[in-house]
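Asks: I am attaching a structure below and will ask some questions about it afterwards.
The values are calculated or read from the model by the stated rules, or taken from the named source; none is laboratory data. Everything numeric here is computed off the predicted structure, so don't read it as measured data. Neighbour counts run over all protein chains shown; Cβ positions are idealised from the backbone, glycine included. What goes into the accessible areas is simple: the full protein's heavy atoms, side chains included, and nothing from ligands, DNA or RNA. Shrake-Rupley method; radii C 1.70, N 1.55, O 1.52, S 1.80 Å.
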Amino acid sequence: MVEGKPCGSYDIIREGDEVILRIDCEQCAFFPSLEDNPRVMAMAIDYLSEVGNVTKIVFVQKRDYEYDYTQVLLLADIANVVKRLSQNRLAYGILTDAGRRFVDAKYAEVQDVLGRLLKSDPLGAYVELVRILRREDVLLREGGLPQEGQTALQKLIRMIRDILDLLDNTKLLKVTKNQLAGYKVGDRDVYRRLFTPNIKPDFMFTKLQASFPPEGEELASYEVNGTEVTIFSIPGSVQYLYHIVPPEFKLSEEKYELLDAARKIMAEHKPKRSEFVDPERMRDVFTSIGSDLVDELASYRGMRLRDKERDELVQILVRYTVGFGLIEVLLQDERVQDISINSPMGRIPMFIVHQDFGDCITNIIPTIPEAESWASKLRLISGRPLDEANPILDTELVLPGARARIAAISAPLNPTGIAYSFRRHRDKPWTLALFIGNGMLSPLAAGVLSFLIDGARTMLVAGTRSSGKTSLLGSMMVEIMRRIRVITIEDTLELPVQALKDLNYNIQSMKVASALTRGTTEVSADEGIRTTLRLGDSSLIVGEVRSTEAKALYEAMRVGALANTVAGTIHGDSPYGVFDRVVNDLGVPRTSFKATDIIVVANPVRSPDGLHRFRRVTQITEVRKHWEEDPLREGGFVDLFKYDPVTDVLQPTSDLLNGDSEILKSIAGNVREWAGNWDAVWDNINLRARVKQAIVDTSKRLNRPDILEAPFNIASNDSFHRISEQVREDLGKLDSEQIFFAWNEWFQRELKRQEE
């Protein structure tokens, strides 16, 4: 934008198939609002009658106020009426009629209404013309005028009717006609219901529908780091509205101008690829630079900023220079699980999946420049291409307080531009206790999983998209004893590796090439898995089994099954679905599939009305080894747990309760006290379930959600193993009552210590 342009000068900007009428109001003494200001509406209609078809109108005054295509159409029809009236005066010979003197004043009144109101208040013009028409109709019916006067009046009435017909056929009148009873000229309430701009500060690309929906019902509201979040239900729609007002939309004009100046200065430095390799350090550097810059600019402008105010401005500044704008605001909300950004940009709001309200539409509209900016940053962060030869990009994003997996698609796969999908990961690892607390898992199932992990079994966590597979796999990693080395392999980093490193886990992460990326220098997934076999005795965790790495994974399973846990995730909605995918789709031999010990199936469960969705483990199944061709037909799958939709609980099967589990007995066979003693095995599983249940119950009773988190649960697991070993040394056996008693004493001491 060029400074110094006269008030109301305009440009036509083309972005793809968008034609944007951009009106510069920086030098205007009035606020650029179609709904509130008749002068602004008249200006817009004037320009529309000049330039013809446009898809958006943007008024620029500190911020961009954008009216979308639907709103533009309401004015475009009026502009066409204005243009038609200006080209054809519709005088119908009145001005040359012999009876002109009888209607001169009336004709002038009509022209005054058209000139004074048609562009600034078209509804007012319509109402005034209807009033004049009724008055003149009555006069004509009453007679009293000579013949030449009646003829002239008939022509005037016909002209008014034709103008009203033109207006009746406009979209504006069609949507408002039933609201015009009692309408007063100059009242803008109807316009306020029709016109709502998307607002975008100069330093942002993203647009925001800032006003609340007029007929929406507020369902919930909360705040996330200064951002106001409100959830609305919208009449006539099954979608909820996730409405945010971030701090950057609540700044004073003084702060806004300071921030815009700082952004322009910082934009001169474009981060290099080497800086994006360590995003955390890059943000620290830009935060430090931004802090000094804001202080300097504030001092120059005579502004006094408190530390809190400066820090808020610096966070916003970093977000819109090296960060990801309002995406970061969304990802900082722990209740947001997924973000979908569809193309073409600039027209469609973002969509999210909320943990409490499910699928929601948002009031955020990304633009083409922003989408391209994200793509550039993701290329730098990931080192992976996103172009015509590689139209798919899978990567991860680590931000302060949030992690996310990102999938981006572009042309030619996506013919309308770039689209994104963000899967938010919890910034702290999930735990089995957390899953018990939210109903995804039962305490007994958690006890069995804990037993299986200590027993170094091979496991696949299966499920559909958004079923919680990766989160569940992460919670199982928390159950691995810290003295055991863990190696993870992922093409997109989603597992809580850094969090576990911070908790003193002996863990090594490996990143391999995505199955969807070509022309990369990254090591292939199958080669990465084979490499782990040369890295010593370790538990192996594979983020997702997608392609040819399946064969290498089963090599690792066969080698490592009796040493340490091998686990991964895979798409599939049932044990047989996993078998079918592994054997028939991925080409693993049937005999190799027998290296799988346990399949845990997680799937979304919907409410009867279809509006709500809950994540649940629906099956835990062991894979037996005696079948030859088809494990389903030959009894190779034995369910240990099945989800009961009536009770909404994962229930143990009769096979498990009767001790008919070859995998659990195989684990017991390696422990002297348990060999051949199912009761002792079952007793230990129940002990682990009691421990998990005690943590969950105490968390609810004391309102201590922190004890469900990984740090406490890892400390609890360490204590459980130490106490178990001590009891065995003291009593010569694993006595569950003694172990639970001693563990509970530790538990109470630890709670008391933390409270102090």
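Asks: Out of (1) at positive phi; (2) touching a Ser or Thr at 6+ places or on another chain (Cβ under 9 Å), what's the single condition that is false for LEU495?
Replies: Condition (1) is where LEU495 drops out.
Asks: Are any of the residues in the stretch 693-706 out of contact with any helix residue (DSSP H, G or I) (no Cβ under 7 Å at 6 or more places or on another chain), modelled with pLDDT of 90 or more, of a type in the set (A, V, I, L, M) and more than 30 Å from GLU622 (Cβ to Cβ)?
Replies: Yes.
Asks: Looking at the stretch 60-81, can you tell me whether even one residue there is over 40 Å from the mean Cα position of the chain (by Cα), modelled with pLDDT of 90 or more and part of a helix (DSSP H, G or I)? Explain how you work it out, then say what you get.
Replies: Filtering the stretch 60-81 for residues over 40 Å from the mean Cα position of the chain (by Cα) gives 80-81.
Right, trim to modelled with pLDDT of 90 or more and you get 80-81.
From the residues that got through so far, the ones that are part of a helix (DSSP H, G or I) too are 80-81.
Yes, that holds for at least one residue.
Asks: Out of all the residues in the stretch 31-87, which are aliphatic (A, V, I, L, M) and open to solvent by 30 Å² or more (accessible area, probe 1.4 Å)?
Replies: VAL51, LEU73
Asks: I need every pair where a residue in the stretch 250-270 that is touching a residue at least 60 places away in the same chain (Cβ under 8 Å) has its Cβ under 9 Å from the Cβ of a residue that is surrounded by 12 or more Cβ atoms within 10 Å (Cβ to Cβ) and among the polar types (S, T, N, Q), sequence separation at least 6 or different chains.
Replies: Close Cβ pairs (under 9 Å, with a partner that is surrounded by 12 or more Cβ atoms within 10 Å (Cβ to Cβ) and among the polar types (S, T, N, Q)) amount to ARG263/THR321.
Asks: When you scan the stretch 724-741, how many residues do you find that are in a helix (DSSP H, G or I) and open to solvent by 30 Å² or more (accessible area, probe 1.4 Å)?
Replies: Selection size over the stretch 724-741: 10.
Asks: Oh, and also: Search the stretch 222-234 for residues being touching a strand residue (DSSP E or B) at 6+ places or on another chain (Cβ under 8 Å) and loosely packed, with under 15 Cβ neighbours inside 10 Å, and hand back the single one that is farthest from PHE357 (Cα to Cα).
Replies: Just the residues of the stretch 222-234 that are touching a strand residue (DSSP E or B) at 6+ places or on another chain (Cβ under 8 Å), to begin with: 222-223, 227-234.
Subset that is loosely packed, with under 15 Cβ neighbours inside 10 Å: 222-223, 234.
Numbers: TYR222: 14, GLU223: 16, ILE234: 13 Å.
It comes out as GLU223.
Asks: Is it the case, given these coordinates, that SER466 is surrounded by fewer than 23 Cβ atoms within 10 Å (Cβ to Cβ) and at positive phi? I'd like the intermediate steps shown before the answer.
Replies: Numbers: surrounded by fewer than 23 Cβ atoms within 10 Å (Cβ to Cβ): yes; at positive phi: yes.
Yes; evaluated as a whole, the condition is true for this residue.
Asks: In the stretch 331-356, what residues are out of contact with any helix residue (DSSP H, G or I) (no Cβ under 9 Å at 6 or more places or on another chain), assigned to a loop (DSSP other than H, G, I, E, B) and either over 16 Å from GLN239 (Cα atoms) or at pLDDT below 90 (or both)?
Replies: Those that are out of contact with any helix residue (DSSP H, G or I) (no Cβ under 9 Å at 6 or more places or on another chain), assigned to a loop (DSSP other than H, G, I, E, B) and either over 16 Å from GLN239 (Cα atoms) or at pLDDT below 90 (or both): GLN332, ASP333, GLU334, ARG335, ASN342, ILE348, GLN355, ASP356.
Asks: Kindly list, by first and then second residue, each pair from a residue in the stretch 632-650 that is over 10 Å from THR618 (Cβ atoms) and among the polar types (S, T, N, Q) to a residue that is assigned to a strand (DSSP E or B) and open to solvent by less than 30 Å² (accessible area, probe 1.4 Å), limited to pairs with Cβ atoms under 9 Å and residues at least 6 apart or on different chains.
Replies: none
Condition check ((1) modelled with pLDDT of 85 or more; (2) in a helix (DSSP H, G or I); (3) in contact with a strand residue (DSSP E or B) (Cβ under 7 Å, 6 or more places away or on another chain); (4) of a type in the set (A, V, I, L, M, F, W, C)) across all residues:
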position: ALA91; (1), (2), (3), (4): no, no, no, yes
position: VAL103; (1), (2), (3), (4): no, yes, no, yes
position: LYS106; (1), (2), (3), (4): yes, yes, no, no
position: VAL113; (1), (2), (3), (4): yes, yes, no, yes
position: ARG116; (1), (2), (3), (4): yes, yes, no, no
position: SER120; (1), (2), (3), (4): yes, no, no, no
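Asks: Which one is surrounded by the most Cβ atoms within 10 Å (Cβ to Cβ) among residues in the stretch 148-183 that are free of Cβ contacts under 8 Å to residues at least 24 places away in the same chain and part of a helix (DSSP H, G or I)?
Replies: Taking the candidates together, the pick is GLN154.
Asks: Still on this structure, I have one more. Can you find even one residue in the stretch 526-533 that is assigned to a loop (DSSP other than H, G, I, E, B) and either open to solvent by 10 Å² or more (accessible area, probe 1.4 Å) or at pLDDT 90 or above (or both)?
Replies: yes
Asks: Working only within the stretch 357-410, note down all residues that are among the polar types (S, T, N, Q), part of a helix (DSSP H, G or I) and within 23 Å of GLY543 (Cβ to Cβ). It would help to see each step written out before you state the result.
Replies: Of the residues in the stretch 357-410, the ones among the polar types (S, T, N, Q) are 362-363, 367, 373, 376, 382, 390, 395, 410.
Applying the additional criterion that residues be part of a helix (DSSP H, G or I) yields 373, 376, 382.
The one that is among the polar types (S, T, N, Q), part of a helix (DSSP H, G or I) and within 23 Å of GLY543 (Cβ to Cβ): SER382.
Asks: Right, next: Among the numbered criteria (1) in contact with a Phe, Trp or Tyr (Cβ under 8 Å, 6 or more places away or on another chain); (2) modelled with pLDDT under 95, which single criterion is violated by LYS752?
Replies: Unmet condition: (1).
Asks: Looking only at the stretch 631-641, count every residue that is surrounded by 13 or more Cβ atoms within 10 Å (Cβ to Cβ), more than 15 Å from ASN658 (Cα to Cα) and not aromatic (Phe, Trp, Tyr) and tell me the total.
Replies: Adding up the residues that qualify gives 3.
Asks: I need the full set of residues from the stretch 207-258 which are in a helix (DSSP H, G or I) and more than 26 Å from LYS56 (Cβ to Cβ), in order please.
Replies: Within the stretch 207-258, PRO247, GLU254, LYS255, LEU258 meet the criteria.
Asks: Please go through the stretch 301-330 and pick out each residue that is in a loop (DSSP other than H, G, I, E, B) and among the polar types (S, T, N, Q).
Replies: If the condition is that a residue be in a loop (DSSP other than H, G, I, E, B) and among the polar types (S, T, N, Q), then THR321 is the only one that fits.
Asks: Residues of the stretch 368-382 being open to solvent by less than 20 Å² (accessible area, probe 1.4 Å) and in contact (Cβ under 8 Å) with a residue 60 or more places away in the chain, which ones?
Replies: Hit for the stretch 368-382 is GLU370, nothing else.
Asks: Now for a separate question. In the stretch 4-35, which residues are among the charged types (D, E, K, R), within 37 Å of the chain's Cα centre (by Cα) and modelled with pLDDT under 90?
Replies: If the condition is that a residue be among the charged types (D, E, K, R), within 37 Å of the chain's Cα centre (by Cα) and modelled with pLDDT under 90, then ARG14, GLU15, ASP17, GLU18, GLU26 are the ones that fit.
Asks: Can you name the number of the only condition in (1) of a type outside the set (A, V, I, L, M, F, W, C); (2) out of contact with any Asp or Glu (no Cβ under 8 Å at 6 or more places or on another chain); (3) in a loop (DSSP other than H, G, I, E, B); (4) open to solvent by less than 10 Å² (accessible area, probe 1.4 Å) that ARG483 fails?
Replies: Tallying (1) of a type outside the set (A, V, I, L, M, F, W, C); (2) out of contact with any Asp or Glu (no Cβ under 8 Å at 6 or more places or on another chain); (3) in a loop (DSSP other than H, G, I, E, B); (4) open to solvent by less than 10 Å² (accessible area, probe 1.4 Å), ARG483 fails exactly one: (4).
Asks: Go through (1) of a type outside the set (S, T, N, Q); (2) open to solvent by less than 70 Å² (accessible area, probe 1.4 Å); (3) within 35 Å of the chain's Cα centre (by Cα) and name the single condition ASP697 misses.
Replies: Status for ASP697: all satisfied but (2).
Asks: Which of the residues belonging to the stretch 742-756 are part of a helix (DSSP H, G or I) and surrounded by fewer than 12 Cβ atoms within 10 Å (Cβ to Cβ)?
Replies: Residues of the stretch 742-756 that are part of a helix (DSSP H, G or I), as a first pass: 742-755.
Correct list: GLN748, ARG749, LYS752, ARG753, GLN754, GLU755.
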